[in-house]
Amino acid sequence: MRQHLCESFARKPMTFIDDLNKAAKNIHRKADARVRRIALAAFQEINRGSPIDKGTFAANWVVSLDTIDRSSDLSKTSKDVNNTVTAATAVITNGAKLGTMVYISNAVPYACKLEDGYSPQAPAGVVTPALTTITNAIKEGRL
């Protein structure tokens, strides 16, 4: 009996450590998933709020990780928006995680003008209202 207790005590610290490691991995997995949810929601809000004339602005949103992508393609139109959404979703889904900086950028020359309310379709801008919506969703526990 005594040897059995000693063996049992000897295994418990490892079991405890294993349990801690499992809990840490679970917390990290959940945090990564939350980062992706928030990034996707932010992109969707920004995309939804983008004014559309020819679609160039909406089609030039770029999601990048850890470095801002300052590229733009002024030949893009509204027919390219779905590809933009697909590409952004893939970057977020496949790479966003806790500790990764997710950038959502648009480098068309008139982006700042639109953010300042130039378009009647987005008089409050695009990013500012999207950030307010996402921040409120986080505070309310919806994200």
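Brief remarks follow.
- Enumeration of residues in the stretch 60-75 that are under 26 Å from Ala33 (Cα atoms) and out of contact with any Gly (no Cβ under 7 Å at 6 or more places or on another chain): Asn60, Trp61, Val62, Val63, Ser64, Asp66, Thr67, Ile68, Asp69
- Scanning the stretch 90-131 for residues that are among the β-branched types (Val, Ile, Thr) and farther than 16 Å from Ile52 by Cα yields Val91, Ile92, Thr93, Thr100, Val102, Ile104, Thr128.
- Residues that are under 27 Å from Asp73 (Cβ atoms) and among the hydroxyl-bearing types (Ser, Thr, Tyr) were ranked within the stretch 107-143; the one that is surrounded by the most Cβ atoms within 10 Å (Cβ to Cβ) is Ser119.
One line per residue, one yes/no per condition, for (1) among the charged types (D, E, K, R); (2) closer than 23 Å to Leu143 by Cβ:
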| position | (1), (2) |
| --- | --- |
| Phe43 | no, yes |
| Thr56 | no, no |
| Asp69 | yes, no |
| Ser75 | no, no |
| Ser78 | no, no |
| Gly99 | no, yes |
| Asn106 | no, yes |
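- Matching entry among Ser105, Ser78 (being touching a strand residue (DSSP E or B) at 6+ places or on another chain (Cβ under 8 Å), closer than 26 Å to Arg36 by Cα, among the polar types (S, T, N, Q) and without any contact (Cβ under 8 Å) to a residue 60 or more places away in the chain): Ser105
- Residue in the stretch 113-121 that is touching a residue at least 12 places away in the same chain (Cβ under 8 Å) and acidic (Asp, Glu) present: yes
- Single residue of the stretch 75-109 satisfying the filter (polar (S, T, N, Q) and part of a loop (DSSP other than H, G, I, E, B)) that is nearest to Val127 (Cα to Cα): Asn106
- Residue within the stretch 51-74 that is at negative phi, in a helix (DSSP H, G or I) and surrounded by fewer than 13 Cβ atoms within 10 Å (Cβ to Cβ) present: no
- Selection from the stretch 110-143 of residues that are part of a loop (DSSP other than H, G, I, E, B) and within 20 Å of Ser71 (Cα to Cα): Tyr110, Val126
Coordinate-derived values only; no laboratory data. Given the structure is predicted, the values throughout are model-derived calculations rather than measurements. Glycine also receives a Cβ, built like all others from the backbone with ideal geometry; neighbour counts cover every protein chain displayed.
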